[in-house]
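**Q** Starting off with a structure, shown below.
The values are calculated or read from the model by the stated rules, or taken from the named source; none is laboratory data. As the structure is a computational prediction, the values presented were derived from the model and not from experiment. Cβ coordinates were reconstructed from backbone atoms using ideal geometry, including for glycine residues, and neighbour counts include every protein chain displayed. The accessibility values were calculated without ligands, DNA or RNA, using every heavy atom of the protein model including side chains. Shrake-Rupley method; radii C 1.70, N 1.55, O 1.52, S 1.80 Å.
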Amino acid sequence: MQRKIVLVGAVVLVSIAASWLILAQRRPEWSTVNKAALAEFELGQQAMAKIYWDEAGAHFRKATELDPSFVVARLFLLLSNEKRTDQDRKDAFGWLKKADPSVLQPRERFLLGYYMSRFDKNEAAAEKILANYLHDEPDDPWALNLEGQLQVGRQDWDAAEKTFLRLTEVAPNRVEAYNQLGYLALARGRFDEGEKMFRTYMYLAPDQANPHDSLGELLALAGHYDEAREQFEQALRDKPDFCASYQHLLDTAMLEGNPAGVDAVIERARTVGKCGEKAVLEMKCGFSVFNALLTADWDGAWKAALGPCAESHASSELARYQAGVRSGRLAEVSAWEAKVRQEVEKPGGKSYPSQAAALDYMVGVRKLAEGNPAEAATHFARADSLLTYRGIADGGLFKLFNRQIWYEALVQSGQKDAASNLLAETRTVNAPFADLMVRRAEPH
């Protein structure tokens, strides 16, 4: 991939400055007369845009303390995932349910109605509220951002791109829109375009961690592992508790097939103190399972997923399923496949492409273990068609590892041309991983 820095013109920077001046001259758009509370709320918004959730929660908490009647500050405090008990969350939700929307500004009423519908799991009502508000306020940045996110969820990439491009026009200060545009480009396999968007984001927000982390994801998926690590480390220099970058350093090691230095990364995540015990446990468990899978130690991978790791997201479902099947524990893992199948095939249910891909992957793994590689290959192919490279956690990692076992099934079933084509196509995305596919397909 050609490395190039994208220079953003002065016009964009002037537009951002002008936007802030205009906003500064407007009367407050939020329903509080407490200037200190409003200042804290705005700082919370800025932190939220940077994906700095702890800081955002602290600012929203302070805003609600300064003005207990500040409805949207309470709403955003709930959205910030601030560490609180379930009872605290229940109480906050109950308070918001009783809030009087008539005293709020139009945007506040919209946000409250939209998110309360989401909290009630009434997605249809939430989407209707959003559509009605966008009809009246087609250029509202909050509504455009939410619309774009819904379009991403539906994998309507063209519509989402149009929405986020519009967001960059109407609110050039919301530079995180370039982050979304970068991931949208990755979802369609446009790595060069994705890099352009992430570097634009980085140029506009040079001191933030997230632009480096996002670019690092792209570089890792493209097989530029050293460059990816440089970006993740820069993100951690900018913000040492940006925990996603610790996980992405581990993901890069998984893609590279190299466990060297992973223990030190996990220890850094632990000592920083803000990643949380659960997140650190998931890192440890996920890599313990992966380390065993590296050498086809199926029994070792299964055992590594037991104990405290049994509840870890990183080592549950797909990794544990593969370890269970390949170590001959079909009866023990069949319940996982049945659970995923129930979700995918539930009448009238809402299934996501990732769920359907997981089911095909599971069936493929089982068919391969049962000695039917040709049928397994059809399931891996179907899973691949449902997955994209939209970020490491949003399918990219899964897509590459699914391709690895798909290639193995094709080789075992004697489909040489199909295996060669898959290898060549994967090589255009990540050449080192393609080499790894060949090595792992060799008899152990």
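**Q** Can you classify the range 331-437 as rounded, prolate or oblate using the Cα gyration tensor, where a ≥ b ≥ c are the square roots of its eigenvalues, rounded means a/c under 1.5, and otherwise it's prolate if a/b beats b/c and oblate if not? Spell out each step's value before the answer.
**A** On the way: a/c = 2.27, a/b = 1.36, b/c = 1.67.
The shape class here is oblate.
**Q** If you don't mind, there's one more thing I want to ask. Using modelled amide H (1.01 Å from N, peptide plane; none on Pro or chain starts), what sits under 5 Å from the amide H of GLY189, excluding residues fewer than 5 places away?
**A** TYR389
**Q** Would you mind calculating the relative contact order of the range 185-320 from Cα pairs under 8 angstrom and at least 6 residues apart, reporting the percent as a whole number? Spell out each step's value before the answer.
**A** On the way: 156 pairs, mean separation 19.9, N = 136.
So the answer I get is 15 percent.
**Q** Considering Cα pairs under 8 angstrom that are at least six residues apart, work out the relative contact order of the range 335-394 and quote it in whole percent. Walk me through the intermediate numbers first.
**A** Details: 52 pairs, mean separation 17.4, N = 60.
Relative contact order, the range 335-394: 29 percent.
**Q** So, one more: Under 8 Å for C-alpha pairs, at least 6 residues apart: give me the relative contact order for the range 40-183, rounded to a whole percent.
**A** On the way: 130 pairs, mean separation 19.2, N = 144.
With pairs under 8 Å counted, the relative contact order is 13 percent.
**Q** Considering the zone a paramagnetic label at GLU267 would reach in this model (a point 7 Å from Cα along the Cα-to-Cβ line), which residues of the range 286-305 have amide N under 11 Å from it?
**A** No residue passes the distance filter.
**Q** Separate question: Rounded to the nearest 10 degrees, what's the angle between the helix 397-412 long axis and the longest principal axis of the chain, both from Cα atoms, 0 to 90?
**A** Roughly 20 degrees, rounded to the nearest 10.
**Q** Only Cα pairs within less than 10 Å get springs; with that Gaussian network setup on the chain, which residue of ALA58, ALA209, ALA264 has the largest fluctuation?
**A** Evaluated over the chain, the most mobile residue of the options is ALA264.
**Q** Decide, for the range 261-307, between rounded, prolate and oblate: order the square roots of the alpha carbon gyration tensor eigenvalues as a ≥ b ≥ c, take rounded if a/c falls under 1.5, and otherwise choose prolate if a/b is larger than b/c, else oblate. All intermediate terms of the calculation are to be shown ahead of the outcome.
**A** Values: a/c = 4.41, a/b = 1.98, b/c = 2.23.
Oblate.
**Q** Let me ask something additional. Among LYS303/LYS339; LYS90/LYS121; LYS50/LYS278; LYS196/LYS416; LYS196/LYS239; LYS97/LYS339, which pairs are too far apart, with a Cα-Cα distance over 25 Å? Don't skip to the end; give the middle numbers.
**A** Details: LYS303/LYS339 22 Å; LYS90/LYS121 15 Å; LYS50/LYS278 23 Å; LYS196/LYS416 37 Å; LYS196/LYS239 23 Å; LYS97/LYS339 34 Å.
Flagged as over cut-off: LYS196/LYS416; LYS97/LYS339.
**Q** Continuing with the same structure: Using a simple spin-label model with points 7 Å from Cα along the Cα→Cβ vector, what separation in nm is obtained for GLN105 and ASP435?
**A** Result for the modelled spin labels: 5.6 nm.
**Q** Let me ask something else about it. Highest GNM mean-square fluctuation, the chain, Cα pairs closer than 10 Å: which of PRO206, PRO101, PRO347?
**A** Maximum among the listed residues: PRO347.
**Q** Looking at the chain from every direction and averaging, what is the projected area of its Cα convex hull in nm²? Mind dumping the intermediate values first?
**A** On the way: hull surface 89.4 nm².
Reported value for the Cα convex hull: 22.3 nm².
**Q** Could you report the accessible area of ASP238 in Å², rounded to 10, computed with a 1.4 Å probe on the protein chains as they sit in the structure?
**A** Surface open to solvent at ASP238 totals about 50 Å².
**Q** While we're looking at this one, here's another question. Rounded, prolate or oblate: pick one for the range 139-235, where a ≥ b ≥ c are the square roots of the eigenvalues of its C-alpha gyration tensor, a/c under 1.5 means rounded, and failing that, prolate if a/b is larger than b/c, else oblate.
**A** oblate
**Q** Here's another thing I want to ask about it. What is the Å³ per residue value for the convex hull set by the Cα atoms of the range 107-153?
**A** 63
**Q** Can you work out the Karplus-derived ³J(HN,Hα) for every residue in the range 136-142? Use 6.51 cos²θ - 1.76 cosθ + 1.60 with θ = phi - 60°, whole Hz, and x for glycine or proline.
**A** Karplus-based 3J(HN,Hα) across the range 136-142 equals 7, 10, x, 10, 5, x, 5 Hz.
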